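First up is the structure itself, then whatever we jot down about it.
The values are calculated or read from the model by the stated rules, or taken from the named source; none is laboratory data. Worth saying up front: this structure is predicted, and the values here are computed from it rather than measured. A quick note on method: Cβ atoms are made from the backbone with ideal geometry, for glycine too, and the neighbour counts reach across all protein chains shown. Areas reflect the complete protein model, heavy atoms only, side chains present, ligands, DNA and RNA absent. Shrake-Rupley method; radii C 1.70, N 1.55, O 1.52, S 1.80 Å.
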Amino acid sequence: MPNIETILRDHVTLQIECLDRLYLNGYVPGLQIEQGLLRFLLVDRKQVVASPALLAQMTCRFVGLMEDFAARHGVPIVHFERGQRKEDIAKQHFARFRGEEGVVFIGVAQERVTAFRSFREKRPDRQRPFFRFYRGAVYVKQYYCYLLDRDFGPAFIKFSTYFPFTVRIWINGHEWAKRQLRRRGIAFEALDNGFLSVADPERVQKICDSLDADRIDAFFRKWLARLPHPFTREDRECGYLYRLSLLQMEFSRTEVFDRPLTGRQFFEEVIRDNLDLGRPDRVQVIFDPRITRRTPGSFRTPVVTAGVQPTLRIEYKNTRIKQYFKGGRALRTETTINDTHDFGVGRSLCNLDHLRSIGRNANRRLLTTERLSHNCAVASASFERIVLPSVDDNGGRVPGLRFGDPRVMGLLAALCLHLHLPNGFSNRMLRSHVAALQGKPADQYSRSQMTYDLRRLRRKGLIQRLPHTHRYVLTFVGRRIALFFTKAHARVLRRGLARLDIGPPEDVGDALVEAWHRLDQALDELVADARLIA
């Protein structure tokens, strides 16, 4: 049967890493708190009273500009209904659009956002009214400007119509890469939101890597100059300019299989062997930050099935990794970062390259973990060296680790729990697990017994001690041996013997039991024919 290692090594025809969907926030830095709003109205706009009526006037002006823009350019305005999928409506309008670049349509929706609210403060000593402002949830009109860009393809910019006029931008890195390939004359075959085949994979990968913060910012400035602007030219000359921050980023790795059957085999093996990927100790290997009891998150591994296609998900704080079978041809591994502070990184767009490396490394580590957990078969010589007494490099005799021995199997199963700890494990960490796996109280498996077992493991080359510490990590051979012994014993030997020890085959109806009894009967007949029975 194929395993994950051989599938990814021998049956992948194309591998591309690319920034996928990107959701950005546009904001004016000086207008996010009450003091900035008061300065804007009283100092820069020279108003006598900072009244909410002035903000309402700005809203009316911007709504009028947007409607005039749509009328002058013949852009349709679509009012989204509650529960309606905006993506489905957008696909219909993009399919009818014939231009190379432009505003395809403007969608209107009433949505809840965080904006400035106000109340009038009663002060007898003041002759003029005085208003206080605070940030709160309000339902206001949103304008979705769906665009077809010459470089970025389908995208949208969403404007809030109330102060501080927050902006949202959505773009797709794969669509940007496809347009760069067409411009350079590089042949490719698309796979929905990705690539099925390309003429020059190395060059395509370099193009995907070249999408950076400067290009994204230039896209936003280009369309901000063409679309109606919430702030006047005088406001912008006073320094009230938009900046971009990161709300959501998807970093994808696409590996195209030579045939659909290979992809189905991959997911069958992954789901069977990696349902514990969401555990804290395994998540800690995929993401660099150390996980403690205070780390928020549910740490689980949901498996979602749509039809016959499974999706494997791993959660870490506000970050998600998703693996699924894309288009029946490719393995798509996606890391979605919803909060950059999960990794101690700011939200500014200038941090995009650093976050790209975090997402890319998470995808790679996940695949490495899956390969390691599944490709654990060992050769007969290695098996014999472990289970039989041997001689170490110093000429000393090393006792064997007998396959099937409860103490040895408990020891190796406990090692599987600590496979992925980058800082290793100690005598104390391992001892409680080994005792529990043997069905013994902790006090019946002593510290000296644990020390003796660790010495056996180290002299057999299964673990090594970290310098200047009392902690150990598994070697490459140790990982394979621990996984192979544990899987073979739990899935084959123990399960098979339990099925054989249940009585006559006519009372069971089990194919393995029936075959075992036929073998036993045939051996009895062979012995009888040889007349070996007294």
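Observations on the structure shown:
- Region 42-183 - charge dipole about Cα centre, Lys and Arg +1 at Cβ, Asp and Glu -1, debye rounded to 20: 480 debye
- Mean Cα-pair separation over length for region 1-133, i.e. relative contact order, pairs under 8 Å, 6 or more apart, %: 20 percent
- Expressed in Å, the radius of gyration and Dmax of the Cα atoms of region 137-269 are 19.1, 62.
- Using heavy atoms of the protein chains and a probe of 1.4 Å, the accessible area assigned to Glu525 is about 100 Å².
- Restraint check, Lys222/Lys317; Lys122/Lys158; Lys178/Lys322; Lys206/Lys487; Lys317/Lys460; Lys322/Lys440, Cα-Cα greater than 32 Å: Lys222/Lys317; Lys122/Lys158; Lys206/Lys487; Lys317/Lys460; Lys322/Lys440
- Against the compact-protein benchmark of 2.2 N^0.38 Å, the Cα-based radius of gyration of region 428-475 scales to 1.18.
- A 1.4 Å probe, protein heavy atoms only, puts the accessible area of Leu437 near 90 Å².
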